[in-house]
1. May I ask for the Kirkwood hydrodynamic radius of segment 308-365, worked out over all distinct Cα pairs and given in angstroms to one decimal?
2. Need one number: nm distance between label points at LEU31 and GLU190, each 7 Å from Cα along Cα→Cβ, rounded to one decimal.
3. State the antiparallel share, in %, of DSSP beta bridges confined to segment 317-468, rounding to the nearest 5.
4. Kindly sort VAL96, VAL215 by accessible area of their heavy atoms, largest first, with the probe set to 1.4 Å.
5. On the protein heavy atoms, probe 1.4 angstrom, tell me the percent of accessible surface of segment 302-410 carried by carbon and sulfur.
6. So what does log10 I(q)/I(0) come out to for segment 139-180 at q = 0.27, 0.31, 0.33 Å⁻¹, using the Debye formula with one equal point on every Cα and no solvent?
7. Using the Karplus equation 6.51 cos²θ - 1.76 cosθ + 1.60 (θ = phi - 60°), what ³J(HN,Hα) coupling, rounded to whole Hz, does each residue of segment 387-399 give in order, writing x for Gly and Pro?
8. Counting other Cβ atoms within 10 Å, keep those with at most 10, restrict to DSSP loop, and tell me which trypsin sites (Lys or Arg not before Pro) in segment 254-329 are left.
Amino acid sequence: METAFPTEPRDPLALLDPGLLHGPDAAGHALALDRTMSVGLFRTRDSAIPLRPVLLPAAQYTELITTARHAADLLARVCRARASSPEELARLVDFVRPSVSLWSTSPRQARWSTAMSRPDLVLSGGVPKLLELNVNSALGGLHQVPRMDRAYAGRADIRAAAARFPLSCLSMGTALQSLLTEVGRSIGVERPRVAILGFDHPEDRNGQEAAYTDVIDTLRLHGLPAVYAQPQDLRPVRGRTLVRGTRVDIIVRDFVTADAADAGIDLAPLRAVVEQDAAVVLAPETGAPYASKRVLAWLTEDAPAMSAADRRFVQRHVPPTYVVRPGALGDTPGTVLRHLLEHQPRLVLKGNQGHSAERVAVGRECPEDRWRELAREAVARGDSVVQDLVPTDTVDVPMYDPGSGASTLVRSKAVYGPLLLRGECGGILARHMDAGRGDIVRTEGGGTMNTTMAWEPPDSGEPAEAVR
């Protein structure tokens, strides 16, 4: 029996979803999006394809961004309070440098350590909760979000919904152009030349030139000369960097340096650029310690001494997080282990360093013997944190399964990642997955990337406060 929808929709979801689920155009919309996104990672082969963006009320969209900004700023302040230099911060969080390191304490490089970040948030009871902070230029969503935004914006049904219920999202092009212009001015270049640095790998299309054409074209339309390059194209000469004979002032690296060796990426040319200060490389390796999960635990530890506003922020938006060692969890390694074992169903173990859910274990999803093994290892090594599991709100997203040809409304868990470039938001990456698949939402586990848009009822009075 079909669901009855109101003849006068209350929101764009009620306007769009019936047609997407029961109309003839679902396959066409989904496969068109899949072709557009096929130049890079967007979903795995066993994942369904979203039929629309994740749509949030404007106030909720805005709160995700303001929460992300406050979290990134607070984490940076907590780090500066504990460490007087990047080296000291790295030591405090036990940061392990990659085998080929791009570490540089040159002010020309290090001043941009936290310029590019993506706090990962979930909604719990409608409240944004911080899970972790990614600090890097290789941020998932940097080139996927604007491509999805354009794909959706070109659809007649979404344009019709936007005419009834104003839809909006923030511009990656504007945010990236603003950051790169600021970086250029810091080195005395008003109109910097930019290289987007990818890579070539037969099993990973993310680094190939086609994945970056939208970002490069957008920068050019914003007045910044931009080119695609790979590390072997870089040639540092007398304090400047050439790419195929043309000077570049800023290099935006779009791969994780710790993964470079396994991917066969030769970092020697990029390392030479950094050592010679021949261009500004975003994001510098000195930003990586800020992404340590141990820094999240510092928010919980330091909250009592914070200002009233920051203390309220931590209480509202940061799940209690602790370093796995004697202290808040117990006086001895034995009592710490006992705490982890007794409270397994409500805890998440996370390694200090890593990305893409590396070394993350959810207590209620782990067999007891496996959890016991992980807990003992965490106590012995002292390089993990434990965080309270956050009950996550679900969101219904219409999805198309190319295998069966069916369109269904999937109750999903979602993680939202506002893309912050020097504090300016360039959109919100959403990653969502069928809620029945578990608590860790990731593309490799059957989830999919999507973009997030804000909607506002036409009779809401004054528009929501603008966010940039």
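1. Values: mean 1/r = 0.0767 Å⁻¹.
It is 13.0 Å.
2. 5.1 nm
3. Of all bridge pairs located within segment 317-468, approximately 100 percent are antiparallel.
4. Details: VAL96 100, VAL215 15 Å².
If we order VAL96, VAL215 from most to least accessible, we get VAL96, VAL215.
5. Ligands and nucleic acids excluded, carbon and sulfur give 50 percent.
6. -0.95, -1.07, -1.12
7. Couplings: 10, 5, 5, 9, x, 9, 5, 9, 9, 8, 10, x, 10 Hz.
8. none
The values are calculated or read from the model by the stated rules, or taken from the named source; none is laboratory data. These figures come from a predicted structure and were not determined experimentally. Cβ sites come from the backbone with ideal geometry, for glycine too, and all protein chains shown count toward neighbours. Note: areas computed on protein heavy atoms with side chains; ligands, DNA, RNA excluded. Shrake-Rupley method; radii C 1.70, N 1.55, O 1.52, S 1.80 Å.
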